[in-house]
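Inspection log for the structure reproduced underneath, given as structure tokens.
The values are calculated or read from the model by the stated rules, or taken from the named source; none is laboratory data. Just so you know, these numbers come straight off a predicted model, no measurement behind them. Positions of Cβ are backbone-derived with ideal geometry, glycine not excepted, and every protein chain shown enters the neighbour counts. The area values use the complete protein model at the heavy-atom level, side chains included, leaving out ligands, DNA and RNA. Shrake-Rupley method; radii C 1.70, N 1.55, O 1.52, S 1.80 Å.
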Amino acid sequence: PQVSTFFKSIMAPRREIADHYDRGNDFFRAFMGPSMVYTCGFFHGPEKKGQTLEEAQFNKMNTVCQKLLVQPGDKLLDIGCGWGTLARHAAKHHGATSYGITLSKEGQKWCEAKNKLEKLGEKVKILFGDYRELPSKGAGKFKRIASIEMAEHVGLANFQTYLGIVEELLEDDGTFLMQVSGLRKGSNWQDTAWGLFMSKYIFPGADASTPCNWYVKELEKAGFEVASVETIGRQYSHTIRYWYTNFVTELAKGELRNKYPAFLINLWVFFLGWSVVASGYGSVSCYQFVAHKNTYTFPRDQLIRTEPIKDAPFSMPAKKADSFPE
């Protein structure tokens with residue numbers, strides 16, 4: 001697809017996702033690396049202090065779980081779970097029973113292979129389908145719901161439908177974290193050019209990238225109270241710089257160039273390079289919202305932290321096969 005589907009049918013996102021995410025897992029791991037996470041990482045300190053991309057993504061997963069207040073036994077849903085990294089992290093490091101839903105067949109295959117490799121069994125379940133099909137999947141309600149850079153794809157006209165599904169699936173005392181890649185307020189021609197490029201060549205149909213205030217308004221309109229907002233756009237610049245470096249390094253080996261069209265390869269180098277710059281100087285940004293149902297009975301004291309967020313211990317698999325299931 002080359003244009004936004006705006007009022008999206010159930011089938012429209014399937015076409016959009018297949019066109020982008022099902023081109024091949026090897027293509028994505030060429031720039032995302034072992035973590036297989038296609039979203040903004042969290043670096044501790046402005047100079048990154050020698051942190052790797054994998055550490056930054058681990059930090060992000062842990063921060064998401066901490067902000068959601070995930071406890072052992074909690075039932076967690078990741079809407080648009082990608083390659084399932086958050087679902088596995090929540091199960092392994094925070095004791096959750098995790099569900100993920102994706103429209104990528106290649107992503108689902110990867111998730112299932114990793115779940116088997118890591119012997120997670122019934123602790124992680126990956127569903128195939130559209131977010132609007134979730135109520136019919138029979139998974140029930142969830143104490144914690146995450147949506148990490150998926151909401152941009154639902155379309156402006158469908159945003160209240162999307163948030164309505166989240167509200168329906170979230171337990172009354174549960175928490176919702178939405179991370180979105182957005183735009184700065186007061187865009188100029190440079191910002192507009194980047195947005196038009198992304199819409200035409202990279203993420204057709206992802207027209208719900210907006211300034212921060214729009215998301216707050218939509219969350220409140222849907223019956224949520226916004227507990228916190230964090231801007232992490234500069235973090236994205238560091239993340240994508242790693243993606244760019246990884247991709248260029250893999251290209252030098254020759255295998256990707258032999259498998260994928262030259263236009264796609266050159267497009268991706270341009271996309272990643274421009275995105276480092278755009279997110280670096282604030283043309284585009286990334287926001288992380290924590291919300292809950294706006295009711296009198298919600299236990300708000302649980303959101304008052306008694307101690308700083310602590311990291312779970314980071315470790316990488318000892319063997320490449322543990323990172324890349326075939």
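Numerical summary
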{"item": "Accessible surface, region 158-263, averaged per residue in Å² (probe 1.4 Å)", "result": "48"}
{"item": "3J(HN,Hα) from dihedral phi, region 172-186, Karplus parametrisation 6.51/-1.76/1.60, rounded to Hz, x for glycine, proline", "result": "4, 9, x, 10, 10, 10, 10, 10, 9, 8, x, 10, 7, 6, x"}
{"item": "Extension gain, K105 back to I304 (0.36 nm per residue minus Cα-Cα distance, nm)", "result": "67.7 nm"}
{"item": "Subset of K67/K217; K109/K253; K92/K137; K105/K253; K221/K293; K92/K119 violating a 19 Å alpha-carbon distance limit", "result": "K67/K217; K109/K253; K92/K137; K105/K253"}
{"item": "In nm, spacing of pseudo-spin labels at T192 and K92 (7 Å Cα→C-beta vector)", "result": "4.6"}
{"item": "J(HN,Hα) series, region 135-148, from Karplus relation 6.51 cos²θ - 1.76 cosθ + 1.60, nearest Hz, glycine and proline x", "result": "x, 8, 7, x, 8, x, 9, 10, 6, 10, 10, 10, 9, 9"}
{"item": "Projected label distance in nm at K253 and E118, using a 7 Å step from Cα toward the beta-carbon", "result": "2.2"}
{"item": "Phi-based couplings in Hz for region 292-298 (Karplus 6.51, -1.76, 1.60; Gly and Pro marked x)", "result": "8, 5, 8, 10, 5, 8, 4"}
{"item": "Amide H partners (placed H, <5 Å) of D78, local residues excluded", "result": "Y99, G100, I101, A146"}
{"item": "Segments 132-139, 195-202, 110-117 sorted - mean Cβ within 10 Å per residue, highest first", "result": "110-117, 195-202, 132-139"}
{"item": "Average Cα contact separation per residue, region 86-227, under 8 Å, 6 or more apart, as relative contact order %", "result": "21"}
{"item": "For peptides 246-256, 59-69, sequence by mean Cβ density within 10 Å, most packed first", "result": "59-69, 246-256"}
{"item": "Sites K217 and K141, calculated FRET efficiency, Cβ-Cβ separation with R0 25 Å, nearest 0.05", "result": "0.45"}
